[in-house]
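What follows is one structure encoded as structure tokens, with my remarks underneath.
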Amino acid sequence: MVDGPMINTLGLTKKFGGFTAVDDADMAVERGTIHGFVGPNGAGKTTTIKMLIGGLRATSGEAWIGGHPIGSHASRALLGYAPEHPSLYDDMTAFDFLVFMARVCGVPRKLAGERAYALLDSLDLGEFADRGSKNYSAGQRQRLCLAQAMIHEPELLILDEPTANMDPTGRLAIMDRLVSLAREQGTTIFLSSHILPELEQIVDSITMINHGKIVVSGGVDHLREQFSENQYLLRTSANEAVLEILRRGETLEEGWVDADDFVHLVAEDGDALRREIMRAVSDAGADLDHISEDRTSLPDIYRKMVGMDEEEGE
């Protein structure tokens, strides 16, 4: 086995005429981990994925999968890919489709059949094994697409919105399956999704991309610690009044009230912010019910680095 990250990109760039879709992207995904890949609509996520799987040629820069250049036979042999919008052979039964895809990847016929039935059962498609996908629901098509990506047991799964069109129960089941693959079998999973709270439960690391540029990348715990500095959680008897006073000052960078009536505050200078909080509470004539350092979530980091006014997804 080649040492080093499963995915490694250096200055990866893709241009379409005068438009730069992906701009000088550096990224590393360690083996056996689950890596989230997020950004707003048009950010460059799908273009990046298509370069990684060899579907698009990079304009410049380099990238490797398992130490092999992207687009090479050796790199493709390591991965399984499930696109956001599956393209299936609708006249094939689900079983025959999976066996066909397994055989394309070099899996012996008998083993291909065994894996096909096992995957269909595990993804709640067992009763559809002998039916064509023409009349599948969108969620069922998504699960069958995921099964074809897994049929040859690749070292790397690249998944573009794998839980799109699924209900909450289906999404949770898929996420549990991905965690099992990573933790028990050592599969590396590169997962693009716009459902940040869902991603936060399973990813080890994350990359955020916006306007083709990577704006943040790293381990989730490290990023939470980094972004939690100088952030506070506040609740008073007059949240809006306190927040308005803080906004008129020079220290506060961001502030918002969440659904649980807590005020989230962000500043460069934490000491100055604490002093201004006390003054604002006093000036508003409010009672201070709670103040603490704010534990940063992935949506918080996304809000700071990308902005929640941008449409998510791609």
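Brief remarks on what is shown
- Total residues in the stretch 78-98, condition over 21 Å from Leu178 (Cβ atoms) and free of Cβ contacts under 8 Å to residues at least 24 places away in the same chain: 2
So that you can scan it fast, the table gives a plain yes or no per residue for (1) assigned by TED's automatic domain parsing to the domain that holds Gly212; (2) under 22 Å from the mean Cα position of the chain (by Cα); (3) surrounded by 21 or more Cβ atoms within 10 Å (Cβ to Cβ):
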| site | (1), (2), (3) |
| --- | --- |
| Gly18 | yes, no, no |
| Ala28 | yes, yes, no |
| Ala63 | yes, yes, yes |
| His68 | yes, no, no |
| Ser72 | yes, no, no |
| Asp90 | yes, no, no |
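- Scanning the stretch 141-156 turns up no residue that is of a type in the set (Val, Ile, Thr), under 25 Å from His68 (Cα atoms) and touching a Phe, Trp or Tyr at 6+ places or on another chain (Cβ under 7 Å).
- Residue in the stretch 254-261 that is crowded, with 16+ Cβ neighbours inside 10 Å and not hydrophobic (A, V, I, L, M, F, W, C) present: yes
- Selection status of Leu119, under 28 Å from the mean Cα position of the chain (by Cα), assigned by TED's automatic domain parsing to the domain that holds Lys45, farther than 26 Å from Asn41 by Cα and of a type outside the set (S, T, N, Q): yes
- Selection of the stretch 195-227 for residues being touching a helix residue (DSSP H, G or I) at 6+ places or on another chain (Cβ under 9 Å), touching a residue at least 40 places away in the same chain (Cβ under 8 Å) and not in a strand (DSSP E or B) yields Leu196, Pro197, Leu199, Glu200, Ile202, Val203, Asp204, Gly212, Val220, Leu223, Arg224, Phe227.
- Filtered by the rule that a residue be part of a loop (DSSP other than H, G, I, E, B) and charged (D, E, K, R), the stretch 230-267 gives Glu250, Asp258, Asp260, Asp261.
- Tallying residues that are touching a helix residue (DSSP H, G or I) at 6+ places or on another chain (Cβ under 8 Å) and farther than 14 Å from Asp294 by Cβ within the stretch 247-277 yields 4.
- Count - residues of the stretch 121-155 that are farther than 24 Å from Ala77 by Cβ, assigned to a helix (DSSP H, G or I) and hydrophobic (A, V, I, L, M, F, W, C): 2
- Number of the exception - Val107 against (1) β-branched (Val, Ile, Thr); (2) under 30 Å from Gly17 (Cα atoms); (3) buried (at least 16 other Cβ atoms within 10 Å of the Cβ): (2)
The values are calculated or read from the model by the stated rules, or taken from the named source; none is laboratory data. A quick note: this is a predicted structure, and the numbers were derived from the prediction, not measured. Every residue, glycine among them, receives a Cβ derived from its backbone with ideal geometry; neighbour counts consider all protein chains shown.
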